[in-house]
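Asker: Take a look at the following structure, please.
Only the coordinates and a few stated rules stand behind these numbers; no lab work does. Because the structure is predicted, anything quoted here is derived from the model rather than measured. Because the Cβ atoms are built from the backbone with ideal geometry, glycine has one as well, and the counts that use them run over all protein chains shown.
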């Protein structure tokens, strides 16, 4: 009964503790640049995004390692909107049927998790897999920029409590370049 679709998106490993937003934005932007090469979408890096949205280039977040002043949280939807790669939010975990439609249309999703500390953490939802007909057998395939390009299959219950946090929103992506 196995049914699955996992997008070939590479999840960038975040370069700084709070750069999940940058890693997710880089992953989505560069995925669209790769699958739609004729549109001329430029590739970006986490440091370039931090320079643009956090520091305006002072200090230079492209340095290795990036200066501590660069390691700040930021709203991934604002970044993806500026990169012309965002369609909007869904205020909870996206329903299974919509997940399947988005993934089948080659559109990754952004998951937002509120950690117990209050910090927001962003992850990629890159696919689905059905291992049995029960709700527990329907797996959302996620990649977390804290771990890099490592796919994990989580059912809806596990995803809602991801890393002991609370899943708060799903972001829809689109290539509007």
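Asker: When you count, for each residue, the other Cβ atoms within 10 Å and take the mean per peptide, how do 18-24, 154-160, 37-43 rank with the highest first?
Answerer: Working: 18-24: 27.0, 154-160: 15.6, 37-43: 10.7.
My ranking of the peptides, most packed first, is 18-24, 154-160, 37-43.
Asker: For the chain, what's the relative contact order in percent, using C-alpha pairs closer than 8 Å and at least 6 residues apart?
Answerer: Details: 368 pairs, mean separation 50.2, N = 177.
Computed over the chain, the figure is 28 percent.
Asker: Just to check, using Stokes-Einstein with a Kirkwood Rh over alpha carbon pairs, what's the diffusion coefficient of segment 36-118 at 20 °C and 1.002 mPa s in µm²/s?
Answerer: Values: Rh = 15.3 Å.
Diffusion coefficient, whole number: 140 µm²/s.
Asker: May I pose another question? Tell me, 86, 31, 147 in order of fewest to most beta-carbon neighbours within 10 Å?
Answerer: On the way: 86 21, 31 24, 147 13.
Ascending Cβ contact count within 10 Å gives the list 147, 86, 31.
Asker: Using only Cα atoms and rounding to the nearest 10 degrees, what angle (0 to 90) does helix 20-35 make with the longest principal axis of the chain?
Answerer: With rounding to tens, the tilt is 80 degrees.
Asker: Still on this model: Fewest Cβ neighbours within 10 Å first, please rank 129, 138 accordingly. Numbers along the way, then the final one.
Answerer: Details: 129 16, 138 19.
Lowest to highest Cβ neighbour count: 129, 138.
Asker: P(r) tail for segment 1-78, what percent of Cα pairs lie past 15 Å? Numbers along the way, then the final one.
Answerer: Working: 1727 of 3003 pairs.
That fraction is 58 percent.
Asker: Would you mind ranking 16, 11, 62 so that the residue whose beta carbon has the fewest other beta carbons within 10 Å leads the list?
Answerer: Values: 16 19, 11 25, 62 15.
Lowest count first: 62, 16, 11.
Asker: Cα convex hull of segment 3-173: how many Å³ per residue? Don't skip to the answer; put the middle values down first.
Answerer: Working: hull volume 18.0 nm³, N = 171.
Expressed per residue, the convex hull around the Cα atoms of segment 3-173 is 105 Å³.
Asker: Also, I was wondering about something else. Under the rule of -39500 (n - 2.57) per DSSP H run of 4 or more residues, summed and divided by the residues of the chain, what mean residue ellipticity at 222 nm is obtained, to the nearest 500 deg cm²/dmol? Can you show the working numbers first?
Answerer: Details: 5 runs with 42 residues, N = 177.
When only DSSP H runs of four or more count, the value is -6500 deg cm²/dmol.
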